[in-house]
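Here the structure comes first, spelled out in structure tokens, and everything after it is commentary.
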Amino acid sequence: MNTKNIIEIEDQFGAKNYNPLNVVLKKGEGIWVWDVEGRKYMDCLSAYSAVNQGHCHPKIRQALIDQSSKLTLTSRAFRNDQLALFYQELCELTQSHKVLPMNSGAEAVETAIKSVRKWGYEAKRIPEDKAEIIVCDNNFHGRTLAIIGFSSDPNARNNFGPFAPGFKSIPFGDVDALENAITKNTAAFMVEPIQGEAGVIIPPDGYLKKVREICTQNNVILILDEIQTGLGRTGKLLAEEHEGIQSDLTLIGKALSGGFYPVSAVLSNDAVLGVLKPGQHGSTFGGNPLACAVARKALQVLIEEDMIQNSATMGEYFLSELKKIQSPLIKELRGKGLLVALELKKDSKVSARQMCEMLLKEGLLCKETHKTTIRFAPPLVIKKEEIDLALQKIKIVLGEK
């Protein structure tokens, strides 16, 4: 079947909760993907950073094949030989004390919410059902009912209520707002080190360091949602490393499996996850041997193939070259590592969506966020000559003078 046929079938039978670009992909390798007609594209989204290691990385694929022929699922009613190794290797890599494995990023966020509330009642002695969690305006932590309840995006919230109470939202990057929002009932502050879906919004220098100090002083759990920024995307294993801090809970997912399998994890100090007792939280698939084997190899290749340093080096080069482009359409360029945003002026005659459609025709796959921002997040294996090729295509679409 061709592109037109497949799109017609999808539109007929599928729910309309996505608005994808009209390209039908069939094959991927490294930074490249091919459509059903055999046309080749450079992937500059990486499945929202789920394929940081590149499409179909051969070593991760082999780990999937090998484990799938041995044992795929036991549930957590029994132990398996991959889980303990996954725990140990992940804790040693991230300097964490405890790990709770789940499947999706949203599940990791829900796990964190449950855990810090329980910690708040049992360790901080917050009165029953009074625990508060502070979040940030324009956050994106997932699509579950609890999470959209504290979203500031009307499209995410409208007509899905009623919502769970217990959340308070403040401006992102504002330490004074955080200090003013904390009460005796505050259990946690949950924040993205860089707001990805909001348009790669980077907080002021020193923000996370000051946030860490405020949370420590007030006995508030700091939760960093690194599901999109973690595992090399910003040029460090975790984005928190740019300011030399450690959160109390760190949420990772997406690239934790290199795009082969849904895997997420909550990384914790002993105190928070220590409040969970048998039967109080879990998942049939969370921590299954197939997921653990895939995640172990995905982390291994990330380190051994020096993808994190490549992200830092290539990201700096990409952003510096983008800033040289002379186009009246550009309002701002921002980024860290290989998480880069190009924001168009609001009075531009072309929207970010239209720009992405134009880039598609040039063989570059990107995705708009909101109406004016294009996000570039290629796999961390990208090379300088491939970035140069991407820059050529971007210049064509921007109509560089």
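Computed quantities for the displayed model
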{"item": "Unit charges at the beta carbon, dipole of the stretch 259-388: most positive-side option, SER311, ALA293, ASN269", "result": "ASN269"}
{"item": "Amide H partners (placed H, <5 Å) of LYS331, local residues excluded", "result": "GLU343, LEU344, LYS345"}
{"item": "Contact order normalised by residue count of the stretch 243-401, Cα under 8 Å, 6+ apart, percent", "result": "17 percent"}
{"item": "Ascending count of other beta-carbon atoms within 10 Å, so fewest first, for ARG212, ARG76", "result": "ARG76, ARG212"}
{"item": "Residue (of GLY279, GLY161, ALA177) at the positive-pole extreme of the chain, dipole from beta-carbon charges", "result": "GLY161"}
{"item": "In Å, descending, principal axis extents of the Cα set of the stretch 76-224", "result": "45, 38, 37"}
{"item": "Phi to ³J(HN,Hα) by Karplus 6.51 cos²θ - 1.76 cosθ + 1.60 over the stretch 104-112, Hz, x for Gly, Pro", "result": "10, x, 4, 5, 5, 5, 4, 4, 5"}
{"item": "Projected area averaged over orientations for the chain, convex hull of C-alpha atoms, nm²", "result": "20.4 nm²"}
{"item": "Residue list for the stretch 158-184, given a label point 7 angstrom along the Cα-to-Cβ vector of SER152 and an amide N cut-off under 11 Å", "result": "169-174"}
{"item": "Nearest-20 debye value, the chain charge dipole, Cβ charges on Lys, Arg, Asp, Glu", "result": "500 debye"}
{"item": "Packing-based exposure ordering (other Cβ within 10 Å, fewest first) of ARG79, ARG117, ARG157", "result": "ARG79, ARG157, ARG117"}
{"item": "21 Å Cα-Cα threshold exceeded, pairs from LYS16/LYS395; LYS331/LYS383; LYS184/LYS210; LYS27/LYS59", "result": "LYS16/LYS395; LYS331/LYS383"}
{"item": "Distance from the stretch 353-400 to the stretch 121-192 (C-alpha centre basis), Å", "result": "34 Å"}
{"item": "Leading residue at positive end of dipole, the chain (Cβ point charges), from PRO127, THR250, GLY105", "result": "GLY105"}
{"item": "Sequence of GLU179, GLU343, GLU8 once ranked by neighbouring C-beta atoms within 10 Å, starting from the fewest", "result": "GLU8, GLU179, GLU343"}
{"item": "Charge tally in the Cβ shell below 11 Å around LEU145, where Lys, Arg are +1 and Asp, Glu are -1, LEU145 excluded", "result": "+1"}
{"item": "Residue-span extension gain [LEU21 to ASP270] - 0.36 nm each, minus C-alpha spacing", "result": "85.2 nm"}
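Every number here is computed from the coordinates shown, using simple stated rules; none is lab data. Remember, it's a predicted structure, so these values are computed and weren't measured experimentally. Please note: Cβ atoms are built from the backbone with ideal geometry, for glycine as well, and neighbour counts cover all protein chains shown.
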